[in-house]
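All remarks here apply to the structure that follows.
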Amino acid sequence: MYRTLISIMLVFLLQLPVLADNECIDNLAECKQKAVKYFQDGKYQDSKKIWEEIQTHAIKISNIKLKAECLKGLGNIQKEQKDYSQAIKLYEEAKQLASNYKCKKCSILEADCTYNICDTLLRQNIDEYENISCIEKLRKLAAFYNSQKDYLGEIQCYDRIGSYYLETADYNNAEKAYLTANQLLKKEENNNSGFEFYRMLIINTYNKLFCKYKKNQSDLNLRLIADELLSLKKEIEITENDYPLFTVKSKLLNVLGRIYFDLGNYYEAKKYFNDSNDLTSDDETKIDNEIGLSEIALNESDFDKAKSLLNKLISKFDKIEDKNITTEKLKSALLGTVGNYYYVKKDYNKAFESYLEALDIQNKYVLVEYI
């Protein structure tokens, strides 16, 4: 009787840690969802705290796969905070851990880390050779995701390829990549729901139309593209209460401003630039809107307003520390507008200096669309 009681107690005590771990695992999916949600909302410290707590638990129970997942989550945070070297270090460690296991989940985790390493390197824009190497890896990754029937991973790869070509003003290749992603998104529409998938679809559609706009500058084509953008704007507004997409909407309004400016309809252009400015907190979109408004002022011979806007923009650029392809493209456009201002005012020396500086930036970044 006594011996039986001790045996029962031993079994019970041995089971306690297992029960605790199972309890933690039961909450794990919810914790991971919280970490992802915080990340998507830009609450990086909250997301980081949860991933670190899960990582501590993973180490405690010697769950290497879970630890790899945490490292990837922490890498994503470092990438968004522009600590690129630390992000790559975390991705490499996660990838190495995942590669030790031969299962579908770990293979996809390993591929996700490779994708994120490529994305981080492309954001750094180290050199053309590195960029082309990353694009080739992304194409191979897309094929791998397809073989695993992970179509969202495949879409992500084509979207990133499109973004790279968009940044380098290769609109033909950008449009091809976005079109491939769009076709996959349409195919997967019935199998996916929720905000994240909807966001991917809307952003992809916008990017596809943006490439179209850059490639087709005739008045007829511009009007057709404006109609498509207005249709997309309505779609965003219908679901705005449930799925707010203010960033893409502000960019869409900015492009509508550009189109109406190109068509010579300054009233509509001004309206869309101002609407975009009111909606966005993104500095780059705001700057582009203000460049557009200064160009309108110049075309309407409101030279005082044009000069005031341009001076404010020059002051903004002097304060920018994190210079990248986008900011340099905007600076080139700004200098071109400054050159136009001085040209109209018949100060040809200053106009020449501004045009020359704009061209120097274009040549450095191969931004042929501003020449």
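Can you send over the carbon and sulfur percentage of the accessible area for the chain, probe radius 1.4 Å, protein chains only?
On the chain, the fraction of accessible area on carbon and sulfur atoms equals 51 percent.
A convex hull fitted around the alpha carbon atoms of the range 216-371 yields 121 Å³ per residue.
Given in Å, the Rg to one decimal and the Dmax to the nearest whole number for the Cα atoms of the range 35-141 are 14.0, 44.
Counted by Cβ distance under 12 Å from Ser99, the other residues give a net charge of 0, where Lys and Arg count +1 and Asp and Glu count -1. For the chain, the longest principal axis of the C-alpha atoms and the axis of helix 44-60 are separated by about 20°. A helix-only calculation puts the chain at -28500 deg cm²/dmol for mean residue ellipticity at 222 nm, using -39500 (n - 2.57) for each DSSP H run of at least four residues, averaged over all residues. For the chain, the convex hull spanned by the alpha carbon atoms encloses 166 Å³ per residue. Only Cα sites of the range 46-93 enter the Debye sum here, all with the same form factor; the resulting log10 I(q)/I(0) across q = 0.13, 0.25, 0.29 1/Å is -0.26, -0.84, -1.01, listed in q order.
Using only side-chain charges placed at the Cβ, +1 for Lys and Arg and -1 for Asp and Glu, the dipole size of the chain relative to its Cα centre rounds to 760 debye. Mean projection of the Cα convex hull over all viewing directions, computed for the range 277-346: 4.6 nm². Over the range 166-295, the pair-distance histogram of Cα-Cα distances with 5 Å bins from zero comes to 2, 11, 19, 22, 23, 14, 7, 2, 1, 0 percent, rounded to whole numbers.
The values are calculated or read from the model by the stated rules, or taken from the named source; none is laboratory data. All figures in this text were calculated on a predicted structure; none of them were measured in a lab. Note that each Cβ is placed from the backbone with ideal geometry, even for glycine, and that neighbours are counted across all protein chains shown. Please note that ligands, DNA and RNA were not included when accessible areas were found on the heavy atoms of the full protein model with its side chains. Shrake-Rupley method; radii C 1.70, N 1.55, O 1.52, S 1.80 Å.
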